[in-house]
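The values are calculated or read from the model by the stated rules, or taken from the named source; none is laboratory data. These numbers were taken from a predicted model, which means no experiment stands behind them. FYI the Cβ positions are ideal-geometry reconstructions off the backbone, even for glycines, and counts take in every protein chain you see. Heads up: the accessible areas ignore ligands, DNA and RNA and are worked out on the full protein's heavy atoms, side chains in. Shrake-Rupley method; radii C 1.70, N 1.55, O 1.52, S 1.80 Å.
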Amino acid sequence: MINHIFKLAETTPQRVIDNRRQKLRKSILRHEAEVGGKIFGPIPKGVNRQFFCLDPFTWIWYEEWDKLGKRKSQMTKYTVGTKSIVKSQDGQSDKMISAEEAKRLVDAVKTYQSRVELEVYRPILDVVQ
Amino acid sequence: MANLTDPAIDQALKVDSWKVIHDLRVRNSKAVDYVQRAVEAMGIFEEEIKPDSVNIKSKVPENLDSNNNEKSELSDIEEIKAKIVNAKKLSDQKEAGQTDPVSKKYYKVNADDIMDTIDPDDARAKIMSLYERVNV
């Protein structure tokens, strides 16, 4: 009976809309992350690089590669404050980024925005219009 | 159970998709803006912006540039002052009986030019006084 109720809840119109929304959002974010990973130049073979905007205050750089047959990964999180930007890697404590890194981050996020507009959103808009 | 092929649901899904896309684009714009603002607040770019390299003034419309308006007012005042001084000089020359070396006529103050540019009453009175003294 409970299963039947859950099943019923999953197929209510609002639930369908919510699921569809989540699916679309994830799909776009995955695409953005792929495009973001390419803005720093060619990606070496066997490396999975992603760079994306998680929310208005958080940027993520994720990289995965093989080392001696083992899969390694590193995640760098940039948290943007009103007067500072801090980064943490693999859950380590936050530290302020250098001026040089801040300049590169500005360039990167600007490029990211223009590239995702061009490669993610424009194709969607072109199809619909 | 709800009919999942209901056109109303299809429509709702379509509208909702647009909202998802719109929200993500807005989020990206905000995120880029926040990074730029944070970096500016950190003072990183200040040393790179030099007056020689960036002509900020050229990007500001004249009517929004208060310094420019102030300069304009100052130059008007300077111009009026110069005209008063010139009128006074001509008046003195007239009184001294000097004439224009070319026309051999007495110096005359172009009262219309002066009056067009002078607004303050005291300046007007002064110019008029000089004008009356110069013109025969």
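Toward the positive end of the charge dipole of segment A:34-117, with +1 on the Cβ of Lys and Arg and -1 on the Cβ of Asp and Glu, the farthest Cα among A:Gln89, A:Val109, A:Phe52 is that of A:Gln89. Taking Cα centre as origin and charging only the Cβ of basic (Lys, Arg, +1) and acidic (Asp, Glu, -1) residues, the dipole magnitude of segment A:10-62 rounds to 160 debye. Only protein heavy atoms count here; on that basis, with a 1.4 Å probe, A:Val16 has an accessible area of about 30 Å². Look at the stretch B:22-32: the mean tally of other chain Cβ atoms within 10 Å of its residues' Cβ atoms is 6. Could you list which residues have their amide H under 5 Å from that of A:Gly81, counting only those 5 or more apart in sequence or on another chain, with H placed in the peptide plane? Amide H neighbours of A:Gly81: A:Val86. The order of B:Arg37, A:Arg15 by accessible area, most exposed first and with a 1.4 Å probe, is B:Arg37, A:Arg15. Only protein atoms count toward the accessible area here, which uses a 1.4 Å probe; on segment A:27-117, the carbon and sulfur part of that area reaches 51 percent.
With the cut-off at 1.5 for a/c, could you classify segment A:28-129 from its C-alpha gyration tensor as rounded, prolate or oblate? Oblate shape, in that a/c is at least 1.5 and b/c is the bigger or equal ratio. Sequentially through segment A:34-44, phi angles give Karplus couplings (6.51, -1.76, 1.60; θ = phi - 60°) of 5, 4, x, x, 8, 6, 9, x, x, 8, x Hz, Gly and Pro residues having no value and appearing as x. Beyond 19 Å in Cα-Cα separation lie the following of the pairs A:Lys77/B:Lys30; A:Lys26/A:Lys67; A:Lys45/A:Lys95; A:Lys72/A:Lys110; A:Lys23/A:Lys110: A:Lys26/A:Lys67; A:Lys45/A:Lys95; A:Lys72/A:Lys110; A:Lys23/A:Lys110. Segment A:89-106: which residues show an accessible-area loss of 20 Å² or more, assembly versus chain alone, 1.4 Å probe? Those residues are A:Ala99, A:Ala102, A:Lys103, A:Val106. Heavy atoms of the protein chains alone define the surface here; on that basis chain A has 65 Å² accessible area per residue at 1.4 Å probe size. Rounded to the nearest 20 debye, the dipole magnitude of chain A is 240 debye, with +1 charges on Lys and Arg beta carbons, -1 on Asp and Glu beta carbons, and the Cα centre as origin. Computed with a 1.4 Å probe over protein heavy atoms only, the accessible area of A:Thr12 comes to about 50 Å². Residue by residue, segment A:25-33 carries 3J(HN,Hα) couplings of 4, 4, 4, 5, 5, 5, 5, 4, 4 Hz when phi is fed to the Karplus relation 6.51 cos²θ - 1.76 cosθ + 1.60 (θ = phi - 60°); x denotes Gly or Pro. For the chain pair A and B, the interface hides roughly 3200 square angstrom of accessible area in total, found with a 1.4 Å probe. Comparing A:Leu54, A:Leu105, A:Leu68 in a Gaussian network model of chain A, where Cα atoms under 10 Å apart are tied by springs, the biggest mean-square fluctuation is seen for A:Leu68.
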